[in-house]
1. Name every residue in region 39-62 that is assigned to a loop (DSSP other than H, G, I, E, B), surrounded by fewer than 16 Cβ atoms within 10 Å (Cβ to Cβ) and not charged (D, E, K, R), in order of residue number.
2. Taking region 98-125, which residues are under 15 Å from Phe43 (Cα atoms) and among the β-branched types (Val, Ile, Thr)?
3. Going residue by residue through region 129-144, is there one that turns out to be basic (Lys, Arg), modelled with pLDDT under 85 and under 12 Å from the mean Cα position of the chain (by Cα)?
4. So in region 96-134, with the set limited to residues that are open to solvent by 20 Å² or more (accessible area, probe 1.4 Å) and among the aliphatic types (A, V, I, L, M), which one is nearest to Glu65 (Cα to Cα)?
5. Identify the residue in region 88-123 that is among the charged types (D, E, K, R) and assigned to a loop (DSSP other than H, G, I, E, B) and, among all such residues, is nearest to the chain's Cα centre (by Cα).
6. Of all residues in region 63-87 being in a loop (DSSP other than H, G, I, E, B) and more than 16 Å from the chain's Cα centre (by Cα), which is surrounded by the most Cβ atoms within 10 Å (Cβ to Cβ)?
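The values are calculated or read from the model by the stated rules, or taken from the named source; none is laboratory data. No experiment lies behind these values; they were computed from the predicted model shown. Positions of Cβ are generated from backbone atoms using ideal geometry, with glycine treated the same way; all protein chains shown enter the neighbour counts. Ligands, DNA and RNA are stripped out before the accessible areas are found, and what is left, the full protein with its side chains, is counted by its heavy atoms. Shrake-Rupley method; radii C 1.70, N 1.55, O 1.52, S 1.80 Å.
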Amino acid sequence: MPQVMTMARSFKNRTSSFLEKQVEVTKTLATPFLRDSQFKHTFEAIVADITPDDDQSRKIFDENEIIELASSISSRGLLQPILVRPNPNRPNGWIIVAGERRWRAVTLLEWEYIPAIEYDGDYISANLVENLLREDLSPVEEARGIKKLITHNNWSQSEAARQLCIGQS
């Protein structure tokens, strides 16, 4: 029987109408990070033309987890494309909206291309929500991310707590 490698990555167990709607219907979803945008088709982006978003909340990446992910991608392939937006300062360049760990892993594997989807919605909120749902975000990164989400969406603390299913404190 082949050995199956499991990823240590998991999501926080949270539920709210905000989060449930993401799963139900993305086309009619009335959330601040998707707005009226629609996902486009996957394309092969040149890995060297992609840069991380300097403003994203996650700043610490565990090198061993990236190596583990690269091993998984090498043996099973990349199961989910990354989300990117055009880089306004670099022609034909892209900035990562979601999927920096996958990008780091394929960079380690020295892939020339990575499956990507251009994202034209509210990339700031999309990136923050995607990262805030992860368990391994440090308390400081989580606090900064929530503060940025509150500021970006002009939410009160209670609205942010309600939308993210967390205590207001």
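1. Going through region 39-62, the residues assigned to a loop (DSSP other than H, G, I, E, B) turn out to be 39-41, 52-62.
This time we only want the ones that are surrounded by fewer than 16 Cβ atoms within 10 Å (Cβ to Cβ), so: 39-41, 52, 54-55, 59-62.
Across region 39-62, the qualifying residues are Phe39, His41, Pro52, Ile60, Phe61.
2. The answer is Ile114, Ile117.
3. If we filter region 129-144 for residues that are basic (Lys, Arg), which is where we start, we get 134, 144.
So of that shortlist, the ones also modelled with pLDDT under 85 come out as 134, 144.
In the following step, the residues that additionally are under 12 Å from the mean Cα position of the chain (by Cα) were identified as 134.
Scanning region 129-144 turns up at least one residue that is basic (Lys, Arg), modelled with pLDDT under 85 and under 12 Å from the mean Cα position of the chain (by Cα).
4. Ranking the qualifying residues of region 96-134, first place goes to Leu108.
5. Within region 88-123, the first condition is being among the charged types (D, E, K, R), and the residues that meet it are 90, 100-102, 104, 110, 112, 118, 120, 122.
Keeping just the survivors that are assigned to a loop (DSSP other than H, G, I, E, B) gives 90, 110, 112, 120, 122.
Working: Arg90: 22, Glu110: 21, Glu112: 21, Asp120: 14, Asp122: 12 Å.
By that ranking, first place goes to Asp122.
6. Residues of region 63-87 in a loop (DSSP other than H, G, I, E, B): 77-81, 87.
If we keep only those that are more than 16 Å from the chain's Cα centre (by Cα) as well, we get 77, 87.
Numbers: Gly77: 8, Asn87: 16.
The residue in question is Asn87.
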